[in-house]
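Undergrad: Mind having a look at this structure? Questions to follow.
The values are calculated or read from the model by the stated rules, or taken from the named source; none is laboratory data. Owing to the predicted nature of the structure, the values given are computational and were not obtained by experimental measurement. Positions of Cβ are generated from backbone atoms using ideal geometry, with glycine treated the same way; all protein chains shown enter the neighbour counts. Accessible surface is based on the protein model in full, side chains and every heavy atom, while ligands, DNA and RNA are left aside. Shrake-Rupley method; radii C 1.70, N 1.55, O 1.52, S 1.80 Å.
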Amino acid sequence: MAVAKTGLYLQSSVSALRGVGPALVQRLQRMDLWRVQDILFHLPSRYQDRRLIFPMATLQPGQECAVLGEIVSINHQHGRREQWLVTLSDGSGCLQIRLFHMVAALRGQWQVGRRLWCFGDLRGGFHGLEMVHPEWQMADVPQFQAPRHLTPFYPSSEGITQAQWRRWVAQALTLLDQLPDYLEDRLPPHWPSLREGLRLLHESADEIPSPQHPASQRLALEELLANHLAVRRMRQPGAMQNAPCLHSDGQLWQRFLAHLPFVLTEAQERVIAEINADLARHRPMRRLLQGDVGSGKTLVAAAAALTALEAGYQVVLMAPTEILAEQLYTRFQQWLKPLDWEAGYLVGSRPPRARRETLEALASGRLGLVTGTQALFQEGVEFSRLGLVIIDEQHRFGVEQRRQLLEKGAMPHLLVMTATPIPRTLAMTVHADLEVSVIDALPPGRTPVETLVMPDSRRPQLIGRMQHMLEEGRQIYWVCPLIEESEILELQAAEASFADLQSTLPGVTIGLIHGRMRAAEKAEVMAAFQSGAVRILVATTVIEVGVDVPNASLMVVEHAERLGLAQLHQLRGRVGRGAQQSSCILLYHPPLSSKARERLRVMRETHDGFVIARKDLELRGPGEYLGTRQTGILQMRVADILRDEALLTLVPVLAEQLLREDPDAAQAIVQRWLGNRLDYGQVG
């Protein structure tokens, strides 16, 4: 609802700002700017210093600067393109101003002898240095004011000029006294107030504020706090409700352990104890399990599942791909059969009859555990007594998908797992709705995978190495990023590599898997590779998670320079699962960018998933690293998760204090920074 222009308040619609009509309201709302207050928090992305006047004798091409001088000549040229060539002099030298499309109302102002202020980029012209279409003001009129502050430039949208942004910000700044500062009494005295910080960032008169400037840090802290509070709020409704108490005497787990040919690591036992303590309470568990590739997360999930089954409840295990879902099904079926339990399997491609039978078994309670994909939370899937939801590779699912699956039961417990670890301080903000457990050790006896980086020109030597490994009875993954040829990206496609390997290695059974194949076709090829009938599996990155073939001891990744560190680490984790020494060869096509060279160096030098995750975060930034499915979260205006990591230690402390002493202030901070970007409903 529009607010009268005379009644301007911070909570007014942006339509209350002078010069903002219906079309501009829509543009601003598309930028998530709804209220006048939002304009205050729409901060400059850069600044220009227009305060210093440069003598014309000192000017250099490529310089961005302000000049002040007298118009000594005007040359109006007609032709294919009408233009005005204006010569300006300050006594030390001359400068030419080139103007196009001058509106008739302004032409009369340009007269020889008048004084002119200009700001723009300098370039070499036919008659010396020139500015093309600079910003300008006549300097011999009473209303002329040379800039006293740095000139801010705001993130913008088509149809909105910088002059409009500055006018709107100036209007909003007159209302700063209306802006409450909820943290002023909770921060040390040397911190600037919220109002001081905003005014300085919009109207800095001394120096360009850096991200480390106290004003920037003050706003960054509040933005991080808003994100943290928002995620915690997702968890709050669930925490107030009763969950099923999944307590058992552990007999099923002990029978399971008796069939294992190895012992658990201390890290696995510690995490299982944390999870069992959660499951035994009536407060719903919301726990994130982080563990490196091959650290044994699936075994920990099995421990939680067996506790739930023994307590008389159903378990659902959701995976991001059908290949991984089927592999989990096969593994749990092998584990559960000796214990007289059955696993089910539910994906979109299942035949109607098999799907119907699985749905009936779940609804009646005859089936205790089911693995699957997003098909698990579709309409028509009902559970008799759902007690535990386990989500593998949770970063591939959105919070809405997680919520839909949890709604299939009466407040079930939730365990989400990821092999893409993030630093604990970052997890405290991004996953404030989840407790965090970390498996920080690999099972004993795992031989580190040898990682080699080589240009694709050495492919013939690589083929020779592959022939030797095949003769020893080993199997090989060959991974390609694309399915079809692309002249633009110059990537060798999976189909081309498949055909090339068939001609190069006659007599070797080679399989092909890519995302466009039907699920049944992929399952058939995968089963043949797992049985050893297929010796080389050519695939796209659909096999990056979950696939477990111990006899595969070589991973070749084409165009490795195009993949991120997390993907490369996941792919490398597909080998090294058997007793023999395994290798990962990263083929690249030169020349390499500096970032690609750094990624390949990290892969060659370390196998620690947490070190790799940290470097991946540095190279890609938090938004891309964490994905875009965390709706509203980490779309930061001021803060940077990596740069401002030191502030993250303050965030939980302030959050606890606010929620205890002033929950209304906590809600106001979330609304101020996230506005309409976040659904505050229960997300689990």
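Undergrad: Tell me, what ³J(HN,Hα) does each residue in region 326-337 have, in order and in whole Hz, if you take phi through Karplus 6.51 cos²θ - 1.76 cosθ + 1.60 with θ = phi - 60° and put x for Gly and Pro?
TA: 5, 5, 5, 4, 4, 5, 5, 5, 5, 6, 7, 4
Undergrad: In Å², what does the accessible area per residue of the chain work out to with a 1.4 Å probe?
TA: On the way: 30470 Å² over 684 residues.
Per residue, the chain has 45 Å² of solvent-accessible surface.
Undergrad: At most 14 other C-beta atoms within 10 Å and a DSSP loop state: those are the exposed chymotrypsin sites (Phe, Trp or Tyr not before Pro) I care about. Give me the longest piece of the chain that has none. If you can, show how the numbers build up before the last one.
TA: Values: sites that count: Tyr9, Phe126, Phe144, Phe262.
Excluding the exposed sites themselves, the longest stretch runs over 263-684.
Undergrad: Could you please state, rounded to a whole Å, how far the C-alpha centre of region 149-175 is from the C-alpha centre of region 284-347?
TA: Region 149-175 and region 284-347 have Cα centres spaced 54 Å from each other.
Undergrad: Under 5 Å between amide hydrogens, which residues at least 5 positions from Arg50 or on another chain qualify, with H placed 1.01 Å from N in the peptide plane?
TA: Distant-sequence amide H within range of Arg50: Thr151.
Undergrad: Can you list which of the trypsin sites (Lys or Arg not before Pro) found in region 86-152 are DSSP loop residues with at most 10 other C-beta atoms within 10 Å? Each step should come with its number before you reach the end.
TA: Details: sites: Arg98, Arg107, Arg114, Arg115, Arg123, Arg148; in loops: Arg114, Arg148.
Here the trypsin sites (Lys or Arg not before Pro) that fit, given the DSSP loop and packing criteria, are Arg148.
Undergrad: Continuing with this model, one more query. Using the Karplus curve 6.51 cos²θ - 1.76 cosθ + 1.60 with θ = phi - 60°, work out ³J(HN,Hα) for each residue of region 662-673 in order, rounded to whole Hz, and write x for Gly and Pro.
TA: 8, x, 5, 5, 4, 5, 5, 5, 4, 5, 4, 8
Undergrad: If I compute Cα extents along the principal axes in Å from the structure I just sent, which labelled value in [x] 98, 66, 47; [y] 141, 74, 44; [z] 82, 56, 53 lines up?
TA: Comparing each candidate, only [x] matches the computed number.
Undergrad: Round to a whole number: what % of the accessible area of region 1-89 belongs to carbon and sulfur, probe 1.4 Å?
TA: Details: 2480 of 4710 Å².
Carbon and sulfur: 53 percent of the exposed surface of region 1-89.
Undergrad: How long is region 182-223 along each principal axis, judged by its Cα atoms, biggest number first, in Å?
TA: 28, 18, 15
Undergrad: Tell me the carbon and sulfur percent of the accessible area for region 137-193, rounded to whole percent, probe radius 1.4 Å. Walk me through the intermediate numbers first.
TA: Values: 1620 of 3120 Å².
That fraction is 52 percent.
Undergrad: Additional query: Compute the longest continuous run of the chain that contains no exposed GluC sites (Glu not before Pro); treat a site as exposed when its DSSP state is not H, G, I, E or B and it has at most 11 other Cβ atoms within 10 Å.
TA: Working: sites that count: Glu158, Glu207, Glu379, Glu472, Glu484, Glu487, Glu490.
Between exposed loop sites, the widest span is 491-684.
Undergrad: Can I ask one more? Short version: ³J(HN,Hα) in whole Hz for each residue of region 169-177, in order, from phi by Karplus 6.51 cos²θ - 1.76 cosθ + 1.60 (θ = phi - 60°), x for Gly and Pro, what are they?
TA: Using θ = phi - 60°, the values come out as 5, 4, 5, 5, 5, 5, 9, 4, 5 Hz.
Undergrad: Now a separate question. Per the 1.4 Å probe, what fraction of the accessible area of region 231-311, in percent, lies on carbon and sulfur atoms?
TA: C and S fraction of accessible area: 52 percent.
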